[in-house]
Structures are given as structure tokens and as C-alpha cells.
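Encoded as C-alpha cells, the structure appears first; notes follow it.
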Amino acid sequence: MTDTATTAASAVADATNLVPSTKAVRLPGAGKLLLAQIRYQVRLLISSGRAIAVGAGLPVILLVASKGKDTRPDVAGYAVFGLTITAWSTYGVRLVAAREDGVLKRWRATPLPRWCYFLGRILATALVAVLAGAVTVAAALVFYGSHFGDGPDTQLTVTAALAIVAVLLVGAFAWAATATALTSAIPTVEAAFPTLIFIYFPVIIVSGVLFTNLSEPHWLSTLATYLPAQPLIDAVTHAVRHTSGAPFLPVRDVIVLACWAAGGLLGAIVLFRWEPHRSTQRRAARIQQ
Amino acid sequence: MAMTPVVVDHLVKQYGDLAAVDDVSFEVLDGQLLAVLGPNGAGKTTTLEILEGFSAPTAGTVRVLGTDPHRGDRAWRARIGLVLQSTSLDAELTVADTLGLFAGLYPVPLRVGEVLELVDLIDDAQTRVGALSGGQRRRVDLAIGIVGRPEVLFLDEPTTGLDPEARRRTWAGVEHLTSAGTTVVLTTHYIDEADQLADRVIVLAGGRIVADTTPGELRRRGGPSTIRYRLPDHITGADLPAGLARHLDTKGRSLVIRNTDVAASLRGLISWADRRHLDLAGLEVGPPSLEDAYLTTIGEPLTSEVHSHD
């Protein structure tokens with residue numbers, strides 16, 4: 001017997017029994033599994049580095065580039081840019097890659113409740129996207145102090161910051177959930193980025209994420225209020241400019257974001273695809289040979 | 001009476017008009033290792049994916065641990081393990097972290113250290129999955145497949161693409177699982193893998209079972225014993241007597257004699273070699289190979305080359 005086999009044999013001997021007894025055993029609770037899944041997905045996102053590099057790096061570059069100009073930067077727009085690009089394109093491309101690599105299929109075969117997997121993935125992305133948004137706001141504080149925006153009333157208080165985090169979470173969830181539903185229709189990793197960006201840029205441009213387009217037709221600016229970017233900017237701006245007595249967040253904007261979150265989640269539940277497209281195609285080709 | 005872990009009864013799987021699996025029936029007994037052999041497109045992976053619950057049969061009945069796999073719930077999934085045809089792991093985490101994460105999904109998992117020893121990856125516990133070789137990643141796949149103490153383990157071509165050393169390490173892990181009583185269903189392209197590991201072999205061709213037997217019995221179907229002799233460089237087919245020349249292989253460099261009367265064939269060969277003062281180093285006399293038997297079973301012509309079995 002080889003050393004390898006001897007080591008393995010002793011491991012088997014140590015493991016009291018590889019096959020469990022048939023008596024009923026209790027499965028780990030879903031809450032514990034969901035938390036573990038969120039932690040795992042956050043680690044994956046952080047350790048790859050790309051999510052934070054894109055989600056926080058690009059907006060901070062825009063902030064630095066706008067320093068010294070006559071107009072103060074639109075911090076809310078930049079924060080939403082970082083958040084949405086993380087929750088939409090970074091997340092979507094990673095999800096398609098995981099599906100086409102068979103990672104999702106492998107998870108599907110485990111005792112993890114299926115909703116735990118993709119909810120954990122969406123929530124983890126939302127947390128990292130909010131972190132990216134928070135880095136942008138923090139950078140704005142460093143560059144412009146607590147008074148940023150276009151007037152003396154735009155001061156960031158602790159309560160306003162909490163309100164911003166809450167609405168960013170809802171917004172990030174809405175973007176990631178909608179991306180989850182859409183990725184089911186994207187067949188390859190190569191197609192993922194162009195498809196997602198092709199949808200993303202028109203939405204953020206009409207929503208005034210990066211700049212305000214004053215010549216926009218009325219119908220387009222009305223449409224933008226129903227998309228998930230402009231309400232997010234409005235809500236963040238509202239929280240920053242909060243005046244005493246008024247609600248910290250605009251109700252209509254929060255409702256729009258909540259609708260996108262619920263609709264995206266529903267779409268994700270109905271459309272979510274675990275199996276790689278390529279395996280189905282390959283199998284059909286093999287049989288036809 | 002103990003339940004039969006895997007029961008497949010008149011299984012059919014259609015893709016459009018094409019039957020990937022066509023009326024397949026078999027059982028796998030408790031603690032048995034069944035190897036499913038067959039060429040590409042024979043229906044091996046389709047059958048396995050139905051057993052794993054990934055797809056539903058078009059017709060027929062499948063039961064794994066008494067449950068229809070396509071309707072298997074969490075409790076059922078906690079009792080099976082699997083290794084997919086290709087590696088399917090996130091690359092960023094370490095081996096130990098990945099295994100710990102999967103172990104947390106099961107009610108009574110093995111300890112991570114035990115599993116790492118079992119698959120011979122203890123020295124790579126803190127290595128990122130993305131930094132492992134292909135063979136090491138396949139063993140991480142195997143580790144994830146067994147960390148939940150599965151009663152039934154499905155292995156879909158677990159050693160495809162591995163070098164001989166990595167294959168043998170993987171085999172060692174599988175052998176210890178079966179010796180501990182785990183029921184295993186294995187698909188493979190490697191005849192020697194089935195020969196090494198399997199209690200029973202099923203050969204699929206065109207979606208149908210063309211053999212369901214033991215490796216030994218399948219080998220016997222390969223026909224008579226074989227004498228192989230590589231001709232010295234200065235000898236050509238024209239130098240051979242007619243009785244031997246007809247056994248020349250397609251390249252004209254080796255004699256491959258399949259004959260029930262081995263002694264008579266050997267006498268003829270030795271007598272001719274003696275007359276020509278030829279060295280008989282390299283002369284092989286062996287039983288029919290499992291590969292020959294497999295090729296005979298699926299209707300392929302036997303190769304005339306000497307088969308290597310690393």
C-alpha cells in the first residue's frame with residue numbers, strides 16, 4: 001500500500017463512519033445558512049478586488065476630476081453610479097460566469113435551500129455595492145467637507161447617513177435582483193458584459209446619474225422617474241438636504257425602488273437558471289452525432 | 001430488508017425525437033460500485049443527471065434512496081454526494097475554507113481535516129482553489145462530494161484529463177469510500193478505471209444497455225488470450241510464413257495472435273524465431289483485455305496495437 005493510501009486509510013479509520021446512520025438528523029437552519037452564504041459571497045466579491053475597484057474607484061476618479069471646477073460635484077449621482085455598476089454589471093457578469101462554469105449547478109445539488117443561494121448572492125452584492133457608494137460619499141467628505149452639493153443646507157448628518165444607507169440597500173437590491181432575472185437570458189460569459197452595459201448606460205444617462213441633461217424631452221424625464229436610478233439619486237439627495245420636520249426619504253422614490261426590488265426578485269425566482277446553457281447545447285450535439 | 005439504494009426501471013429520456021436514454025433498467029446494491037461505460041453520446045451523463053435530480057425522465061421510474069430524484073428535497077440531497085463532469089468551484093477561497101463552507105450545509109459532516117487526508121490534499125489546505133492543478137481541483141470536487149457523508153455518491157468522469165499519478169490518488173480515495181460502505185455510481189471513459197474500482201459494469205451504447213456484468217465476466221467476453229510480439233526492425237511481413245503473416249497488425253510491425261490454442265500458436269512462433277535466430281524479448285502472452293471486451297461489446301473493431309494501461 002502506498003503512503004497516500006495508508007494516510008487515506010487512517011483517515012477513514014478516524015472518521016467513525018463515512019456513511020451516516022439512517023436515523024433522522026436535523027438539517028442546519030435556513031437563517032444560519034443564509035448568513036453563511038452572504039459572508040461567503042461578500043468574501044468572494046472583496047477578494048477578487050474588481051467589484052470595489054470599479055464600484056468605488058470610478059466614482060472617486062470622477063470626484064477628483066471635478067475638484068477645482070466652478071460647480072460642486074453631484075455626489076449622490078456618483079455614489080449611485082458606483083453602486084449600480086457593482087450591483088448590475090459586475091454582479092451580472094459574475095453570475096453568468098458562475099452559471100456557465102457549473103458553480104450554480106454544483107450548489108443546486110447541495111442541501112442548501114435554493115432561495116438561500118441566490119438571495120445570499122443578491123444581498124451580498126447589495127452590501128458590497130453600498131460599501132462602494134459609501135466610499136464615494138466618504139471621498140466627497142474628504143474633498144469637500146460635510147457641506148457638499150449646491151447649497152449651504154446640504155449637510156450630511158448621522159441620521160441622514162443612515163437613511164442614505166437604507167435607501168442604497170433597497171436600490172442595490174433592486175438592481176441586483178433585476179440583473180438576476182435578466183442573466184437567465186444571457187447564454188455566454190462573452191455576451192454578459194455587452195448585454196448588461198447596453199441596458200445600463202441608457203438608463204443611467206436618462207436618469208442623470210453622471211450629468212443632468214436639461215434638453216431631455218418631458219416623456220423621457222417622466223420615464224426616468226419610474227426607472228431604478230433616478231429615484232435612488234433623488235432619495236439620496238433628499239436625505240442629504242433634509243430639513244427638520246420632513247421625512248428623511250421621499251416616499252414615492254422609495255416605493256418605486258421597492259417595486260423594482262420586488263419585481264426583480266419575482267423575476268429572479270421565476271426565471272433563475274442553474275444549469276449552464278453550454279451543457280444543454282453540448283448534450284444535444286453529442287446525441288445528434 | 002435493506003432498501004436498494006439505486007433503482008432504475010425502463011428509463012427513457014428524449015430530446016425531441018432523439019432518445020438519449022432508451023429503456024434502461026438496472027439496480028445498484030448497497031455498498032456496490034457500479035461503473036457505467038460507453039462512448040460519447042451513449043447516455044451516461046444523461047442517466048447520471050437523472051439520478052442526481054438535475055433532469056426528469058421522459059418515461060420510466062428512477063428511485064435513489066427510495067425517492068424520485070427530481071422531487072428530492074433538502075433531506076434527500078443531504079444523503080447524496082456528487083462530482084460533476086467538470087470542475088465547478090469558485091477560485092478565490094482556500095481549499096479548507098471551501099470545504100468548511102460545504103460541510104456547514106450537512107447535518108453530520110466529516111471534519112474538514114479528515115476529508116483533506118482522505119483525498120490527499122492536507123498540504124494544500126491553505127492554497128487558493130484557483131492556484132491548484134487540474135488534478136488537485138478534481139480532488140477538491142471529490143472532497144466536496146463526500147464531506148456530507150453521502151450514502152450514495154455519483155462520480156461523472158472524475159479522472160478525465162488527469163495524469164496517471166493524479167488518477168491513482170483519486171482512485172485511492174474512491175476505494176476507501178467503497179470499503180467504508182458508500183454506494184457509488186461512476187461514469188468513465190477509462191476501461192482500467194472500471195477494472196480497478198468497479199464491482200459491476202454497465203456498458204451503454206446508443207442509449208441502451210449492451211452489457212450488465214462484472215469486470216471479470218466482461219473481460220471473458222473479449223475472446224481468447226492474446227499473443228503480442230513486436231518484430232525486430234530488420235524483419236518485414238515478407239519474411240513471415242503465411243501462418244504468422246495473417247496475424248500482422250495494420251502497421252505491419254507487430255504480430256497480434258488471438259487464438260484459443262495458445263500453446264500451438266506459441267510453438268509456431270518460437271520455432272520460426274528459432275530458425276531465424278531472433279530474440280523473443282518483448283513477447284507478451286496475456287488474457288483478453290477489458291478494453292478489447294468493451295470494444296467488442298459496443299461493436300467497434302478491436303485495435304491491433306498493444307494496449308497501454310498506464
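What number of residues in the stretch B:81-101 are more than 8 Å from chain A (Cβ to nearest Cβ), aliphatic (A, V, I, L, M) and surrounded by 22 or more Cβ atoms within 10 Å (Cβ to Cβ)? Total satisfying the criteria: 3. Residues that are within 19 Å of B:Thr47 (Cα to Cα), part of a helix (DSSP H, G or I) and either within 13 Å of chain A (Cβ to nearest Cβ) or modelled with pLDDT of 90 or more (or both) do occur in the stretch B:137-149. A count restricted to the stretch B:7-50 and to residues that are touching a residue at least 60 places away in the same chain (Cβ under 8 Å), within 11 Å of chain A (Cβ to nearest Cβ) and among the aliphatic types (A, V, I, L, M) stands at 4. Do we find that B:Arg74 is open to solvent by 40 Å² or more (accessible area, probe 1.4 Å) and in contact (Cβ under 8 Å) with a residue 60 or more places away in the chain in this structure? So B:Arg74 does not fit the description; no. Among the residues of the stretch B:55-99, the ones that are part of a loop (DSSP other than H, G, I, E, B) and closer than 18 Å to B:Gly148 by Cα come to 8 in all. When restricted to residues that are closer than 15 Å to B:Leu33 by Cβ and surrounded by fewer than 22 Cβ atoms within 10 Å (Cβ to Cβ), the stretch B:198-214 contains 5.
Any residue in the stretch B:45-54 that is assigned to a loop (DSSP other than H, G, I, E, B) and of a type in the set (A, V, I, L, M)? No. Within the stretch B:122-136, count every residue that is within 13 Å of another protein chain (Cβ to nearest Cβ) and either touching a His at 6+ places or on another chain (Cβ under 8 Å) or not in a helix (DSSP H, G or I) (or both). Count: 1. Between B:Thr46, B:Thr4, the distinction of being among the β-branched types (Val, Ile, Thr), under 23 Å from the mean Cα position of the chain (by Cα) and surrounded by 23 or more Cβ atoms within 10 Å (Cβ to Cβ) belongs to B:Thr46 only. When the stretch B:102-121 is limited to residues that are more than 7 Å from chain A (Cβ to nearest Cβ) and under 26 Å from the mean Cα position of the chain (by Cα), the one that is nearest to B:Ser133 (Cα to Cα) turns out to be B:Leu121. In this structure, A:Leu104 qualifies as closer than 17 Å to A:Leu271 by Cα, buried (at least 21 other Cβ atoms within 10 Å of the Cβ) and facing another protein chain (nearest Cβ under 10 Å). Elements of the type helices (runs of 4 or more DSSP H) sitting completely within the stretch B:188-275 and holding at least 1 residues that are free of Cβ contacts under 8 Å to residues at least 60 places away in the same chain and among the aliphatic types (A, V, I, L, M): these cover B:242-245, B:262-275.
The values are calculated or read from the model by the stated rules, or taken from the named source; none is laboratory data. Please read all numbers here as calculations on a predicted model, not as lab measurements. When we count neighbours, we look across all protein chains shown, and the Cβ atoms used for this are built from the backbone with ideal geometry, even at glycine. The accessibility values were calculated without ligands, DNA or RNA, using every heavy atom of the protein model including side chains. Shrake-Rupley method; radii C 1.70, N 1.55, O 1.52, S 1.80 Å.
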